[in-house]
Each structure stands twice: as structure tokens, then as C-alpha cells.
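Colleague: Okay, here's the structure, questions in a sec.
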Amino acid sequence: MALRLAVLRRFSKATPLGLESAQAKALKESVTDVTNSVKSFSFSTFFEEKNFWQKANVGPFFILLFFTPSIYRSFKDWYWTRQLRKLNTEEIISDRYEWLKLNMLKDEVEAELLKQIPQGGIKPLELGPALPP
């Protein structure tokens, strides 16, 4: 694109300052034509039956009509993917805080239980003598 513009500029005729080049005039005319056609567009005349089927350019209208379900579905998928990704991130953060809270409680309980252990440690529970009588 830039190379094409550079070549056009290199081989175009020089225009004195203060005067408009032919390309600039053509561009201005085309822009004014487009703006005038947009300003003069009327839905009532476009959708009038005779004009619609004989004169109007209906290609873009039917393409839009044909692709509207696909465009709607794509937009809906994009929107909900974005929303659920945000919700998923929030749930992950919430789950991490919940995990941290539970582990902190568990650590506190373990520390309190370790303080209550008697001096020699816990003796094993024997159900009977080790040797028979």
C-alpha cells in the first residue's frame, strides 16, 4: 500500500502550491457524490415495490438479510464468551480465597492440637499384654 502510494507520488505531475490537482478534484467530487447519495436515500422510495424490483440495488439488502442470523449468533457467542471468561476468572479467585481460608483454619487447629500434646508424646494404646502369661 505504502509502496503503491510512493510510486504514484513519484510519477505524478507536480502541482503548484495553491492549485488543486486533478486527483484531488476527482476525490472531492466522489466524496460529495457519496454524501449526497447517502443524504438523499429514502427508505420509502427504496422499498417501494416498483423501484425495489426494477431499479434499486438490492444485493446488499439481501446479503444482510441472509447473513443476519449468522451475524447475530456470532455476536452473541462473542459476548457470552467474554462474560463467562470474566465470571470464570472471578470464580477462580473466589475459590482460591476459600481454599486459603480453609487451610488457614486447618493450620490453626493443628497448631492448637500440637500445644496440647503431653510431655513424652502420646503413648501407644495396648489392648493386652505383649507376652502371653
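Colleague: So is K76 open to solvent by 100 Å² or more (accessible area, probe 1.4 Å) and of a type in the set (K, R) or not?
Modeller: no
Colleague: What pairs come out if I take residues in the stretch 31-46 that are within 15 Å of N57 (Cβ to Cβ) and touching a residue at least 12 places away in the same chain (Cβ under 8 Å) and pair them with residues that are open to solvent by 90 Å² or more (accessible area, probe 1.4 Å) and among the hydroxyl-bearing types (S, T, Y) whose C-beta lies under 7 Å away, six or more apart or interchain?
Modeller: Correct list of pairs: empty, since none qualify.
Colleague: Further, regarding this structure: Which ranges mark the helices (runs of 4 or more DSSP H) fully within the stretch 21-107 that have 2 or more residues being under 30 Å from F11 (Cβ atoms) and aliphatic (A, V, I, L, M)? Show your work before the answer.
Modeller: Working: elements: 22-39, 43-46, 49-54.
Filter on the stretch 21-107 gives 22-39.
Colleague: Related question: How many residues are open to solvent by less than 100 Å² (accessible area, probe 1.4 Å) and at pLDDT below 90 when one looks only at the stretch 90-133?
Modeller: Count: 6.
Colleague: Being modelled with pLDDT of 95 or more, loosely packed, with under 10 Cβ neighbours inside 10 Å and not basic (K, R): is that true of P69 here?
Modeller: For P69, the condition - modelled with pLDDT of 95 or more, loosely packed, with under 10 Cβ neighbours inside 10 Å and not basic (K, R) - is met.
Colleague: Which residue, of L27, L17, is at pLDDT below 90 and loosely packed, with under 10 Cβ neighbours inside 10 Å?
Modeller: From the options L27, L17, the qualifying one is L17.
The values are calculated or read from the model by the stated rules, or taken from the named source; none is laboratory data. Since this is a predicted model, take the numbers as computed values, not measurements. Quick reminder, even Gly has a Cβ in these numbers, built from the backbone with ideal geometry, and neighbours come from all protein chains shown. The accessibility values were calculated without ligands, DNA or RNA, using every heavy atom of the protein model including side chains. Shrake-Rupley method; radii C 1.70, N 1.55, O 1.52, S 1.80 Å.
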